[in-house]
Structures are given as C-alpha cells and as structure tokens.
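Asker: First the structure, which I've put down as structure tokens, then a few questions once you've had a look.
The values are calculated or read from the model by the stated rules, or taken from the named source; none is laboratory data. Everything numeric here is computed off the predicted structure, so don't read it as measured data. Heads up, the Cβs are rebuilt from the backbone with ideal geometry, glycines too, and the neighbour counts pull from every protein chain shown.
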Amino acid sequence: MINIPKGTKDVLPQYSHEWQFVESHMRSLAHRFGFKEIRTPTFEHTELFMRGVGDSTDIVDKEMYTFNDKGNRSLSLRPEGTAGVARSYIENNLADLGLPVKMYYIGPAFRYERPQSGRLREHHQFGAELYGSPTPYADAQVISMASMLLDEFSLPDITLNINSIGCPKCRPLFNKAVRKYFEQHIESMCEICKERLVKNPLRILDCKVPSCAEISKNAPAPSDYLCEECSSHQQKLIDILTASKIPFKFNRHIVRGLDYYTKTVFEFVTSSIGAQGTVCGGGRYDNLTTSLGGKPTPAVGFGMGIERLLMMLENAKINITAPPRLDIFLAQVNSKSANFAFELAVTLRKHGLSVDTDLMDRSLKAQLKSANKVNAKFIIILGEEEISSNQIKLRDMQNGTETPLTMEQLRTLTFEQW
C-alpha cells in the first residue's frame, strides 16, 4: 500500500462541502469588495521567490520544494501566493486594466516544515492583493476584508495586531540599531541568525529558536525608527480603523516572515488553535514589483490559511451548511425498469435536478436504504405497472407523503419548482 506523503491531507467526500462552504464565502466577499480571481501556476522559477520573498527568509532558506526540470531549469513549488501574483501583474501588464488592480486567489502552497496542528507541507490559502494605491485607505480595505470574513463566520477570540516596519528611507537606521543590539548577544544566537546579522538583521526578530526569541524581546522595534512618511501613514491607518470600528492592537514586535514587506504589517491571531495561532497575515509591499524588474507599484494584501480557518470553525462548534441533498432517487424493480430509470435520470438531470439510480444491482429493499443513506429528498419506485400506466408516485422521504404524477409531468419538472 502506498500512503499519503507526510504533511499532506486528503479532503474526503464527506467533508468537501465544508471547504466549498468556506470558499464560496471567500469568493462572495471578494466580489463585494470588487476583487477578481487570478490563478497562477503551482510552480515558478526559483529566482522569483529568492528575489521576491527573500533568500534570507526561512521559507527560501529552509522550506521550499525546489527541483531541476528536464531542461535543467531550477523550479520551485510556490511557498506563498504574492510573488506569483506580482510576477503575473508585471508580465501581463495588468496595470493597463486601470488602477487599482484588485485580485484574489484560492489555492495550494507548499513548504517543507515539521507537520503539526494547523501547519501542513501542502496547505491552502485565500489571498487578496491590491495594486496601485499608496494610501492607508488601501491598507484599511484589505484589513477590513479579512476582518469581515472572520466576523461573518462568527469566530471568537480573534485579535488584529498591526505594526509598521518602515521603508527603505528609515529601515537603515533601524538595521543599524538592531545590529548593534544583537552583536552584544551573538554568542547566544543560532547559527542562521548569526548570518542574518550580516545579511538582514530584521529577520532575526522572526526567528523561532527559543534562545533567539528570548533575546529579541528587548530588541529595538522598527516602529521606533519610522521616518515622517511612514509615521504619518501608520497614524492615518490607525485613525481609519478606529473610525470604521475595526478593533485592533498595536504590536511593535510584528515583522512578518517575508522580505518584501514595507510600512504596514498585520496579523489576525487566535489562541483557539494552539501554538500556530496566526490565521491571517499581510501588509504592504511597495517595492516588490521593482525587485522583480517591474515599474514601481505600491501594493498591499494578505494571505489566510484555509486549514486553520476550518480548525477554528470546528473548535468553535460553528455549524457549516450541510451539502445539498439529492433531489430524486429512482429505484428499479427489474432490468426493464433499470433501463427506463437510466433514461429518465438523464432527462431529469437536463432539467437541473440532481438524480441518482442504483448501479449495484441491489434489491428494492437495499435501494430504499441507499436512498436514505444519500439523504434523497424524494424517491420514485419504477416497476412495470408504473411504466405501462404512465403514472408514478413521488414519495417525500421526510414525511412519507406521496404525490401522483404522470411521466410527462415528471419529465418537465424544473429545478425552480423544488
């Protein structure tokens, strides 16, 4: 027997409606905010993630699934969605659509890491990306979008944390201060953070190694070194969120784990799913398109883990809409009625009804049990008498009542009549 790869999970037929329920809400919400779907490849050139996400991040340094194809090109399964969207924005001249360009995606991402509750090697994300607007209103819009989705699911115990990590103007001052601080603790730091101290000291603040995390508690915060532009942007965002009654906390320790972020960063966190408490994270990335060879374009967005969202719904015992029921089960008593049932099912499906028949040569009693098991709304028993008389009885599986119909009436039933 070949087992499923470690860190992956099957979505079984009896649970797939939960995913469809969540995804339909996401698509509906995106439409309300004027976002349109974008679908990018599952794999991209490795260079895209090295330049976009950052070669000093844990994702690129430790977690990517990278391989050479038959043309000896280095490719990687996407570890996150934003870099691919940015590449598509540049390559397809999406700015020609008119700014701002609003896009969302739903799809898998791949990271080689230790599987645990809420963290899989193949997971799925809902993401939103807004290109073209430098204003804090754009930040507030994507934050509002994520907040509204979580509110509509009635999820408890969720906190929005926001911070600013500055821009290329003020980041050097912070880097200098944080480098000076960590140089005093270099002997207690992990080997990777010793390298980060030279390459990108900001990444040390995102290290999960306990010794480094402890040292980071008293490290300088990027929000203490903001230039006037970044400080003004942050304050305006705070004012907008406050006026819009979107609750938040200012958390000076948030830096996010990707190099492309500038100015605003934010996380929606919860304690209901254990240690992996971030269900949604994002921020502004005004320099991403430039780093990928495109024109300077301000952008902001977020990514939300679908598996973690489903875990929260389960833990909170929030009811998810049941899957749609089968409209009609056609039970047959012999081979002649089986042929008739198959032809009738085809006709009814063309009218928009969901219909099934027995495919296992079961007895009539077993077919009735099967109709109950698939939760059919109605059942029709087809025997020689029903076929020859052109009359059938539509039995309501809920209350047992029967409605007589001619075959012509049955064949013209439409979905709207149900």
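Asker: Please go through region 362-418 and give me each residue that is in a loop (DSSP other than H, G, I, E, B) and either touching a Pro at 6+ places or on another chain (Cβ under 7 Å) or among the charged types (D, E, K, R) (or both), ordered by number.
Answerer: Matches in region 362-418: Arg362, Lys377.
Asker: Could you figure out which of (1) in a helix (DSSP H, G or I); (2) among the hydrophobic types (A, V, I, L, M, F, W, C); (3) surrounded by 13 or more Cβ atoms within 10 Å (Cβ to Cβ) isn't true of Val300?
Answerer: The single condition Val300 does not satisfy is (1).
Listed here are the residues, each with its yes/no results for (1) part of a strand (DSSP E or B); (2) among the β-branched types (Val, Ile, Thr).
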{"site": "Ile90", "(1), (2)": "no, yes"}
{"site": "Leu99", "(1), (2)": "no, no"}
{"site": "Lys102", "(1), (2)": "yes, no"}
{"site": "Tyr112", "(1), (2)": "no, no"}
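Asker: Right, Phe33: out of contact with any strand residue (DSSP E or B) (no Cβ under 9 Å at 6 or more places or on another chain) and either without any contact (Cβ under 8 Å) to a residue 24 or more places away in the chain or more than 26 Å from Lys208 (Cβ to Cβ) (or both) or not? Talk me through it step by step, then tell me what you get.
Answerer: On the way: out of contact with any strand residue (DSSP E or B) (no Cβ under 9 Å at 6 or more places or on another chain): no; either without any contact (Cβ under 8 Å) to a residue 24 or more places away in the chain or more than 26 Å from Lys208 (Cβ to Cβ) (or both): yes.
So Phe33 fails the test.
Asker: Output the number of the condition that Gln235 fails; it satisfies all remaining conditions of (1) in contact (Cβ under 8 Å) with a residue 40 or more places away in the chain; (2) under 16 Å from Val265 (Cα atoms).
Answerer: For Gln235, the failing item is (1).
Asker: Under 8 Å between Cβ atoms, at least 6 apart or on separate chains: pull out the pairs that start in region 331-356 with a residue that is more than 16 Å from Leu413 (Cα to Cα) and end on any residue that is of a type in the set (S, T, N, Q) and in a helix (DSSP H, G or I).
Answerer: Every condition considered, the pairs that remain are Ala331/Gln367; Gln332/Gln367.
Asker: For the list (1) in contact with a His (Cβ under 9 Å, 6 or more places away or on another chain); (2) more than 27 Å from Glu307 (Cβ to Cβ); (3) outside the structural domain of Gln235 (by TED's automatic domain parsing), I need the number of the one condition that Leu205 fails.
Answerer: With (1) in contact with a His (Cβ under 9 Å, 6 or more places away or on another chain); (2) more than 27 Å from Glu307 (Cβ to Cβ); (3) outside the structural domain of Gln235 (by TED's automatic domain parsing) applied to Leu205, the lone miss is (2).
Asker: Right, here's the next one. Starting from residues that are touching a helix residue (DSSP H, G or I) at 6+ places or on another chain (Cβ under 7 Å) and buried (at least 18 other Cβ atoms within 10 Å of the Cβ), keep the ones in region 206-220 and report whichever is nearest to Val53 (Cα to Cα).
Answerer: Across region 206-220, the extreme among qualifying residues is Cys207.
Asker: Taking the condition of being free of Cβ contacts under 8 Å to residues at least 60 places away in the same chain and of a type in the set (A, V, I, L, M), how many residues in region 36-66 meet it?
Answerer: 3
Asker: In the list Arg171, Arg203, Arg179, which residue meets the criterion of being of a type outside the set (Asp, Glu), buried (at least 22 other Cβ atoms within 10 Å of the Cβ) and at pLDDT below 95? Let's see the steps before the verdict.
Answerer: Details: Arg171 fails: buried (at least 22 other Cβ atoms within 10 Å of the Cβ); Arg179 fails: buried (at least 22 other Cβ atoms within 10 Å of the Cβ).
The unique qualifying residue is Arg203.
Asker: If you go through region 114-123 one residue at a time, do you hit one that is out of contact with any strand residue (DSSP E or B) (no Cβ under 7 Å at 6 or more places or on another chain) and over 22 Å from Val22 (Cβ atoms)?
Answerer: Within region 114-123, one or more residues are out of contact with any strand residue (DSSP E or B) (no Cβ under 7 Å at 6 or more places or on another chain) and over 22 Å from Val22 (Cβ atoms).
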